[in-house]
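A short write-up of the structure that comes next.
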Amino acid sequence: MSKKNREGIVYSTDPNFQYAGSSQNDEQPTPVPAQQELKIWLDRKGGNKVVTAIRGWQGKTSDMEGLAKQLKTLCGTGGTAKDREILIQGDFRDKILTWLLSKGYKAKKAGG
């Protein structure tokens, strides 16, 4: 039996029942960089660790993960991409902002 999320459907007596699927498979296409409005934040995580967070991503998760990989390579550090947010270990706001603007993204610093 598959372990897909069935959103509360356990059993149906209708022989013609078709499960509609979840919204995870119906991702929107990724807009061009000029249409992305990204905001760069500085966050503190557990253990007083500092991370640079890039929020506001629109589009496919796979494209976001590709961008995260490029940013991690640029900064020479680790990070992750999940929940429409890219986290880069350390304070690299200025470096990331300059790089995103050079690639055509609409990006700006946010927060205090």
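Within the range 22-45, residues that are more than 17 Å from Thr98 (Cα to Cα) and at pLDDT 90 or above have Cβ atoms under 7 Å from residues that are of a type outside the set (D, E, K, R) and in a strand (DSSP E or B) in these pairs: Asp43/Val51; Asp43/Ala53; Arg44/Val50, counting only partners at least 6 apart in sequence or on another chain.
The residues of the range 76-112 that are of a type in the set (Asp, Glu), under 15 Å from the mean Cα position of the chain (by Cα) and assigned to a loop (DSSP other than H, G, I, E, B) amount to a single one, Asp83. Of the set (1) under 19 Å from Ala34 (Cβ atoms); (2) in a strand (DSSP E or B); (3) among the small types (Gly, Ala, Ser), all apply to Gly66 but (2).
The values are calculated or read from the model by the stated rules, or taken from the named source; none is laboratory data. Because the structure is a prediction, the values reported are computed rather than measured. Cβ: placed from backbone, ideal geometry, glycine included. Neighbour counts: every protein chain shown.
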